[in-house]
1. Considering every residue within region 80-96, establish whether at least one is within 17 Å of PRO132 (Cβ to Cβ) and open to solvent by less than 10 Å² (accessible area, probe 1.4 Å).
2. Step by step: first the residues of region 239-273, then only those that are aliphatic (A, V, I, L, M) and farther than 21 Å from THR164 by Cα, then the one that is nearest to the ligand (Cβ to nearest atom). Which residue is that?
3. Here are some conditions: (1) within 14 Å of the ligand (Cβ to nearest atom); (2) open to solvent by less than 60 Å² (accessible area, probe 1.4 Å). ALA229 meets all but one. Which one does it not meet?
4. So ARG84 passes all but one of these: (1) in a strand (DSSP E or B); (2) within 16 Å of TYR127 (Cα to Cα). Which condition number does it fail?
5. Within region 1-20, work out how many residues are in contact with a Leu (Cβ under 8 Å, 6 or more places away or on another chain), open to solvent by 20 Å² or more (accessible area, probe 1.4 Å), over 21 Å from ARG123 (Cα atoms) and modelled with pLDDT under 95.
6. Against the condition without any contact (Cβ under 8 Å) to a residue 12 or more places away in the chain and exposed (fewer than 13 other Cβ atoms within 10 Å of the Cβ), how does ASP265 come out, does it pass?
7. Evaluate the following for CYS271: is it more than 26 Å from GLU8 (Cα to Cα), hydrophobic (A, V, I, L, M, F, W, C) and open to solvent by 40 Å² or more (accessible area, probe 1.4 Å)?
Amino acid sequence: MPELPEVEALALFLRDRAHGRTVIRAEAASFAVLKTFDPPLSALTGGVLTDVGRHGKFLDLKFAVPGGGDLHLVMHLARAGWLRWREDIPEKPVRPGKSPLAFRLVLDEGSGFDLTEAGTQKRLAVYLVRDPMDVPGVATLGPEPLADDFTTEALAAILKERRTQIKGVLRDQHIIAGIGNAYSDEVLHAAKMSPYKLASSFTPEDVATLHAAIVSTLRDAVERSAGLAAADLKGEKKTGLRVHGRTGQPCPVCGDTIREVSFADSSLQYCPTCQTGGKPLADRRMSRLLK
Ligand SMILES: [Zn+2]
């Protein structure tokens, strides 16, 4: 799933490629993809792309439209979605069917992009709105972790009295925007903290350590992916990760074997030596397999 750094890089990429370009047409491959009905997608035709932004993991394309005013095409790629930029966007209309194509934006000069989604679970979402705050997932986002006002004090206030495990806190979009399963693993590894540590148990030193890990992990990832083409972002994300998705491989810091436990609807990876005092975390599903 693209998280803050990848969505930020996609925004940069689209700003570079598509700024000032005119929409020929926007098409959704199914009713399920487009979450809004007013204004209709046809309202984008003739619109000029004036800005590309990001809210958490949402991409926000702003268009000046012929009727006057602005419209925002807000997109959430979900777990298996991706954006594919095309210099030769097909002329043929999008047909609903089994293909992974979910949405297509055709721009002038024959280019544009496809949003695709792999797998059978379709969660990719597109919204056409007058104000990005009309998108419920955007309106309820927590603070942006790379914004200036995301200070150590702000993080302390977030964690205080929250009697839940830090892993869950970090990936909850209502609490902090943009961090998902991958970067929460990376942040906790950088902070040398157990994913199960209770948020309410953090000392001021813990908060400062976690804050520094959040900012440095995300900033490094943003720097690595900035300027990359959309097609290269997935690979860059994968190679840049130190523990996430690396079960069984050596920890790049201490050489211990990276382990995995189930967490909520997925799994998390961590290094026992760096994060849990050398003790593997208990996990009914995985413990037998990893012994
Ligand atoms: Zn380690």
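1. Among the residues of region 80-96, not one is within 17 Å of PRO132 (Cβ to Cβ) and open to solvent by less than 10 Å² (accessible area, probe 1.4 Å), which makes the answer no.
2. Looking at the filtered set, the residue picked out is VAL253.
3. (1)
4. So ARG84 meets the others, but not (2).
5. Residues of region 1-20 that are in contact with a Leu (Cβ under 8 Å, 6 or more places away or on another chain), as a first pass: 1-2, 4-7, 9-11, 13-14, 18-20.
Keeping just the survivors that are open to solvent by 20 Å² or more (accessible area, probe 1.4 Å) gives 1, 19-20.
Now restrict to residues that are over 21 Å from ARG123 (Cα atoms): 19-20.
The next check asks that each one be modelled with pLDDT under 95; those that pass are none.
Here the count works out to 0.
6. Taking the combined requirement at face value, the residue satisfies it.
7. No.
The values are calculated or read from the model by the stated rules, or taken from the named source; none is laboratory data. Just so it is clear, the structure is predicted and the values come from calculations on it, not from any experiment. Note: ideal-geometry Cβ built from the backbone for every residue, glycine included; neighbour counts use all protein chains shown. Ligands, DNA and RNA are stripped out before the accessible areas are found, and what is left, the full protein with its side chains, is counted by its heavy atoms. Shrake-Rupley method; radii C 1.70, N 1.55, O 1.52, S 1.80 Å.
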